[in-house]
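Undergrad: Just passing along the structure, written as structure tokens.
The values are calculated or read from the model by the stated rules, or taken from the named source; none is laboratory data. Everything numeric in this text was worked out from a predicted model, so none of it was measured. For neighbour counting, all protein chains shown are included, and Cβ atoms are generated from backbone atoms with ideal geometry for every residue, glycine included.
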Amino acid sequence: MRQLKLAVLISGSGTNLQALIDACANPDYPAKISLVISNKENASGLGRAKEVGIQTLVIRHTDFNKRDEFDKSLTDALESAKVELICLAGFMRILGPVFVNHWHDRLVNIHPSLLPAFKGLHTHKRALEAGVRIAGCTVHYVRTEVDVGPIVAQAAVPIMPDDTEHRLAERVLQQEHQLYPFAVELIARGQARVDGARVQITGTEPSGIAALISPQVTKAE
Ligand code: GAR
């Protein structure tokens with residue numbers, strides 16, 4: 001079976017990386033991780049990759065004077081590893097337009113909100129302040145504008161009346177761990193095709209749906 005060659009870019013704990021590692025451990029999964037890159041040498045996620053023998057690389061953004069030089073160094077490493085799809089997983093550096101355009105439709109990100117709501121940072125705090133009832137996460141193709149791009153898949157998470165930012169973040173993160181492998185699988189199987197600003201999904205039942213809905217909130221007695 002053909003397996004799409006992935007790179008995962010991280011800056012932190014790498015729990016989404018772990019979810020992808022776990023998915024790729026299944027021989028029927030249509031992708032494998034060839035390279036993990038962190039811009040921070042102390043990112044604990046690096047250990048997750050090393051543990052299972054995946055090649056890791058640290059490219060410190062602080063070693064470069066210009067963003068483009070950092071981005072070029074990333075591209076060189078990704079091309080040497082013959083990477084076909086880059087997954088940003090808690091990678092907390094903004095990538096410049098040269099990089100993003102070079103990897104057009106080969107670069108995806110996971111964001112902890114239901115985009116286009118709550119782009120940027122502190123998504124859970126802002127969702128709670130706004131009083132929305134449903135939070136969630138999104139896997140999307142990356143475009144030059146931050147947290148904008150064709151949406152591959154989303155998962156919805158109910159907001160509880162007594163939620164704190166931390167509790168909500170944990171609940172959303174659990175869904176991220178389901179969603180990212182699901183979205184990458186759709187891409188790897190050729191079932192998610194970019195069509196302008198949208199992604200057309202084929203071959204899933206019910207047709208066209210690329211969403212995971214977390215379990216229903218049980219009604220208070
Ligand atoms: C995840 O919640 C991810 O959605 C978020 O960072 C966390 C990384 O966790 N990404 C962003 O906020 C990107 N703007 P992880 O390192 O445990 O996967």
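Undergrad: Test Leu74 against the criterion of being in a helix (DSSP H, G or I), within 21 Å of Pro30 (Cα to Cα) and more than 14 Å from the chain's Cα centre (by Cα), and give yes or no.
TA: Spelling it out, it is not the case that Leu74 is in a helix (DSSP H, G or I), within 21 Å of Pro30 (Cα to Cα) and more than 14 Å from the chain's Cα centre (by Cα).
Undergrad: Can you say whether Arg143 is out of contact with any strand residue (DSSP E or B) (no Cβ under 7 Å at 6 or more places or on another chain), in contact (Cβ under 8 Å) with a residue 60 or more places away in the chain, within 20 Å of Leu6 (Cβ to Cβ) and in a loop (DSSP other than H, G, I, E, B), as far as the supplied structure shows?
TA: no
Undergrad: On to the next question. Can you name every residue in the stretch 9-32 that is assigned to a loop (DSSP other than H, G, I, E, B) and of a type outside the set (Phe, Trp, Tyr)?
TA: Correct list: Ser11, Gly12, Ser13, Gly14, Ala25, Asn26, Pro27, Asp28, Pro30.
Undergrad: Among the residues of the stretch 106-127, is there at least one that is of a type in the set (Val, Ile, Thr) and surrounded by fewer than 19 Cβ atoms within 10 Å (Cβ to Cβ)? Spell out how you get there, then give the answer.
TA: Our first condition is that a residue be of a type in the set (Val, Ile, Thr); within the stretch 106-127, this holds for 108, 110, 123.
Those still in the list that are surrounded by fewer than 19 Cβ atoms within 10 Å (Cβ to Cβ) too: none.
Within the stretch 106-127, not a single residue is of a type in the set (Val, Ile, Thr) and surrounded by fewer than 19 Cβ atoms within 10 Å (Cβ to Cβ).
Undergrad: Only one residue in Leu35, Leu6 is within 16 Å of the ligand (Cβ to nearest atom) and either surrounded by 21 or more Cβ atoms within 10 Å (Cβ to Cβ) or in a helix (DSSP H, G or I) (or both). Which one?
TA: Leu6
Undergrad: How many residues, within the stretch 149-172, are without any contact (Cβ under 8 Å) to a residue 60 or more places away in the chain and more than 19 Å from Ile201 (Cβ to Cβ)?
TA: Here is the first cut: in the stretch 149-172, the residues without any contact (Cβ under 8 Å) to a residue 60 or more places away in the chain are 149-171.
Okay, now just the ones that are also more than 19 Å from Ile201 (Cβ to Cβ), so 157-171.
Matching residues across the stretch 149-172 total 15.
Undergrad: Tell me whether the stretch 124-140 contains one or more residues that are within 23 Å of Ile201 (Cα to Cα) and more than 16 Å from the chain's Cα centre (by Cα). I'd like the intermediate steps shown before the answer.
TA: Residues of the stretch 124-140 that are within 23 Å of Ile201 (Cα to Cα), as a first pass: 135-140.
Add one more test, that the residue is more than 16 Å from the chain's Cα centre (by Cα), and what stays is 135.
Taking every residue of the stretch 124-140 in turn, at least one turns out to be within 23 Å of Ile201 (Cα to Cα) and more than 16 Å from the chain's Cα centre (by Cα).
Undergrad: Where residues in the stretch 131-183 are of a type in the set (Val, Ile, Thr) and near the ligand (Cβ under 10 Å from one of its atoms), which of them is nearest to Cys24 (Cα to Cα)? Working first, answer last.
TA: The first filter runs over the stretch 131-183 and keeps only residues of a type in the set (Val, Ile, Thr), leaving 132, 134, 138-139, 142, 144, 146, 148, 151-152, 157, 159, 164, 172.
Next, only the ones that are near the ligand (Cβ under 10 Å from one of its atoms) stay: 138-139, 146, 172.
On the way: Thr138: 20, Val139: 18, Val146: 28, Val172: 22 Å.
Step by step, filter the stretch 131-183, then rank; the result is Val139.
Undergrad: If you take the residues in the stretch 56-92 that are surrounded by 16 or more Cβ atoms within 10 Å (Cβ to Cβ) and within 16 Å of the ligand (Cβ to nearest atom), which one is farthest from Val184 (Cα to Cα)?
TA: His61
Undergrad: Can you find a residue in the stretch 130-146 that is surrounded by fewer than 21 Cβ atoms within 10 Å (Cβ to Cβ) and at positive phi?
TA: Among the residues of the stretch 130-146, at least one is surrounded by fewer than 21 Cβ atoms within 10 Å (Cβ to Cβ) and at positive phi, which makes the answer yes.
Undergrad: So Gly47 fits all but one of (1) assigned to a helix (DSSP H, G or I); (2) within 11 Å of the ligand (Cβ to nearest atom); (3) of a type outside the set (A, V, I, L, M); what number is the exception?
TA: So Gly47 meets the others, but not (2).
Results for (1) closer than 20 Å to Pro181 by Cβ; (2) at pLDDT 95 or above; (3) of a type outside the set (A, V, I, L, M), shown as yes or no for each residue.
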site	(1), (2), (3)
His102	no, yes, yes
Asp105	yes, yes, yes
Leu128	no, yes, no
Val142	yes, yes, no
